[in-house]
1. Whenever you get a sec, compute what percent of the accessible area on the chain sits on carbon and sulfur atoms (1.4 Å probe).
2. Equivalent ellipsoid semi-axes for region 122-201, as square roots of 5 times the alpha carbon gyration tensor eigenvalues: give them largest first, rounded to whole Å.
3. In the Gaussian network model of the chain, springs joining C-alpha atoms below 10 Å, which of 255, 302, 93 carries the largest mean-square fluctuation?
4. Quick check: the angle from helix 44-65's long axis to the longest principal axis of the chain, C-alpha only, nearest 10 degrees?
5. Roughly what % antiparallel, to the nearest 5, for the DSSP beta bridges in the chain?
6. Looking only at 271, 299, 179, which one moves most when the chain is put into a Gaussian network model with springs between Cα atoms under 10 Å?
7. Which entries in the list 254/289; 260/289; 54/168 go over 19 Å, if you measure between the two C-alpha atoms of each?
8. What are the GluC sites (Glu not before Pro) within region 63-170 that DSSP puts in a loop, where the Cβ has at most 14 other Cβ atoms within 10 Å?
Amino acid sequence: MRVLGIETSCDETGVALYDTDAGLLADALYSQVALHAEFGGVVPELASRDHTRKLLPLVDQVLADAQLAKQDLDAIAYTAGPGLVGALMVGACTAHGMARALDIPVLGVHHMEGHLLAPMLEETAPAFPFVALLVSGGHTQLVDVRGLGDYRLLGESVDDAAGEAFDKVAKMLELPYPGGPQVAALAERGRSERFRFPRPMTDRPGLDFSFSGLKTHTLTTLRQLHEQDAFDDQAQADVARAFEDAVVDTLIIKCRRALKESGRTRLVVAGGVSANRRLRETLDIALTKLGARAFYPRGRFCTDNGAMIAYAGAQRLIAGQHSQTLQPRPRWPLA
Ligand code: KG4
Ligand code: ZN
């Protein structure tokens with residue numbers, strides 16, 4: 001079965017073609033980063049308009065790359081939510097229109113299910129069951145994954161998502177949008193000994209997260225540096241490093257706790273923040289000590305992409321599901 005995957009939930013237009021026998025045949029991504037950069041964040045209406053412009057050319061590109069025609073498609077999967085409603089609508093209408101014209105099944109996929117299954121596209125794919133740490137711009141969640149669609153929420157952020165905190169700290173540090181990768185790059189030059197930021201909610205039991213206090217702590221540190229006239233390039237890098245260390249440490253403490261409590265030995269880490277190099281390196285060391293192992297998507301499938309939607313859709317279609325209605329779901333809990 002050849003499944004076309006369409007992702008338009010936020011600021012990336014992603015299209016991919018997944019074959020249930022041959023694997024991923026092609027994938028293409030158009031990022032709207034440059035469009036939103038001057039506004040310092042995603043402008044929903046501009047995002048929708050840009051998806052409209054780019055989606056069909058990307059579908060053509062993916063089919064051409066795979067040397068296939070649209071008549072060779074067996075099904076279409078699209079991100080039905082959560083996300084920006086106008087952006088979701090572009091993918092939903094395109095998917096349903098194409099499926100109707102081609103007389104093939106169509107399926108709305110949960111964006112976070114796409115993220116959590118993304119490591120399955122790799123050669124060393126994790127087997128069920130596993131614990132998933134979903135860390136993106138909109139979500140920070142720990143989920144116990146017993147099988148496809150069998151998810152139990154173990155914990156989540158009570159305020160900002162980890163990626164959102166990275167983006168907000170980037171603004172404080174006067175780094176361009178999108179902030180996460182910029183903060184990470186700056187932290188490479190930072191020294192971890194200079195500042196020690198708090199590890200929120202790690203001193204009490206439970207698997208929830210909170211990143212908003214860490215953001216405030218960063219702001220207070222920056223204000224003090226400015227007041228003391230001590231803010232320079234090195235101080236900027238040291239603050240980025242202290243913030244990144246605190247986020248990474250906090251995520252790892254909760255992952256270890258989730259693995260211990262659930263008895264699982266496999267951890268999937270997915271979503272934009274899973275691209276973070278320090279998170280991966282530190283987590284791998286921590287999990288080895290526990291006798292557990294982490295699985296990640298390849299770099300370009302950490303952030304939003306069409307391949308994860310094509311893959312998740314294919315698994316759901318194999319399980320006999322498809323959509324009857326065109327229904328974007330801007331808010332849609334995973335579990
Ligand atoms: O999964 P994603 O592409 O979109 C959402 O579903 O939200 O995640 C985007 C988020 C942004 O907040 C971005 O700053 C963050 O992932 N991010 C990173 C890194 N790369 C992307 N955060 C920290 N380090 C990175 N290397
Ligand atoms: Zn995402």
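The values are calculated or read from the model by the stated rules, or taken from the named source; none is laboratory data. Computed from a prediction, not measured in an experiment: that's the story for all the values here. When we count neighbours, we look across all protein chains shown, and the Cβ atoms used for this are built from the backbone with ideal geometry, even at glycine. For accessibility, only protein heavy atoms count, side chains too; no ligands or nucleic acids. Shrake-Rupley method; radii C 1.70, N 1.55, O 1.52, S 1.80 Å.
1. Values: 7030 of 14450 Å².
Looking at the chain in its full context, I get 49 percent from C and S.
2. After scaling each eigenvalue by five and taking roots: 30, 15, 13 Å.
3. Taking springs between Cα atoms under 10 Å, the residue moving most is 93.
4. That helix lies at roughly 60 degrees to the long axis.
5. On the way: 26 of 43 bridges.
Looking only at bridges with both residues in the chain, the antiparallel portion is about 60 percent.
6. 299
7. Those over the limit are 54/168.
8. Values: sites: 113, 122, 123, 156, 164; in loops: 122, 123.
Answer in residue order: 122, 123.
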